[in-house]
Amino acid sequence: MSHDINLKELERRAWRSVFQDGLWDIYLGLLLLAMAIGALLSDAGIASETGSLLAHVGLVVLATLGLWAGKRFITLPRLGRVKFGSKGKARKMKAMLLLVFSALLGAALFVFIWLILRQGRTEGLPLQLIVPAIWSVNALVVFSLGAYFLDYERLYLIGVMYAVAVPADRLLRELVGLDLTFLAFGVPAAVILITGALILVRFLRDYPVPEEEVSPAEEVLNVRQ
C-alpha cells in the first residue's frame, strides 16, 4: 500500500514539474497581452481591424514559439524529459477536450453576435451584458477545470484574470467614456506575466544546469595534454 502511495506521489510531483518553471504562466499572460496590443493598434488608428487581427495572430505565434524554446532550452536541460503513463496521457486528453470546449463556446458566441448584428435584432437585447457574462463564465469554467484536472492551481488565478478583462473593459467605457481596452486586458496580463516571471526566476535559481560529468578516460586525456 505504501509503495502505491509513493508511486502516486512521485507521479504527481513529476506532473507538477511540467508547470513549475512558470513558462506556461508567461505564455498565457502573453496570449492575453496579445489581445491588449491588438486592441491598442486598432483604437490608436495604427492598424486596421484586419491589421490588428494579423498582429494578434503574429504575437500568438511568437508566444507559442517562445514557450517551445523555453521548454527546450531552459526546462529540459535542468529537469530532463518526463514520460507519463496512462494517467498522464488521460490528463493531456482532458486538457485537449477543455481547449476544444472553450474554442467551440467562443465560436458559438461569435456566430450568435454576428447573426444578431447582421439581422439588426439588437433592440432590447443587452449585448453589453451578455458578451462579458459569456466571456467570464467561459474563462472561469475552462481554467478552473484545467486547474483541477491538470493539478495546476495557478490556473485559478489566471482564470480570474482572464474573466475580469471584458467586464472591466465594459465598465471603463461606462464610467470614463473612453475606450481603454488596452488597460482592461493589459493589467490582468501584467499580473499573470509578473507571476510567471517570478516563478521562472525562482526555478532558475533552484535548478541550475547540471555540470557535465567527465569520464575517467577524459580525465586521463586532459592530464596528459
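Read-outs: derived from the displayed coordinates by stated rules, not from any lab. Worth saying up front: this structure is predicted, and the values here are computed from it rather than measured. Cβ atoms come from the backbone with ideal geometry, glycine included; neighbour counts cover every protein chain shown.
Quick one: which of 52-65, 177-190 comes out on top by average Cβ neighbours within 10 Å, and what's the full order, highest first? The partial results should precede the final answer.
Values: 52-65: 14.8, 177-190: 18.9.
The packing order, highest mean first, is 177-190, 52-65.
Round to the nearest 0.05 the FRET efficiency obtained for Ile194 and Ile46 when R0 = 30 Å and r is the Cβ-Cβ distance. Mind dumping the intermediate values first?
On the way: r = 26 Å, r/R0 = 0.86.
Efficiency, rounded to the nearest 0.05: 0.70.
When the Karplus curve 6.51 cos²θ - 1.76 cosθ + 1.60 is applied with θ = phi - 60°, which whole-Hz ³J(HN,Hα) does each residue of region 151-165 get, with x for Gly and Pro?
For region 151-165, the Karplus curve yields 6, 10, 5, 5, 5, 4, 5, 4, x, 5, 4, 5, 5, 7, 4 Hz.
Quick one: if you stick a label point 7 Å off each Cα along the C-beta vector at Leu62 and Ala133, how many nm between them?
For Leu62 paired with Ala133, the spin-label model returns 3.8 nm.
Per-residue HN-Hα couplings for region 57-65, Karplus 6.51 cos²θ - 1.76 cosθ + 1.60 at θ = phi - 60°, whole Hz, x for Gly and Pro?
Each residue's phi maps through the Karplus curve to give 4, x, 5, 5, 4, 4, 5, 5, 5 Hz.
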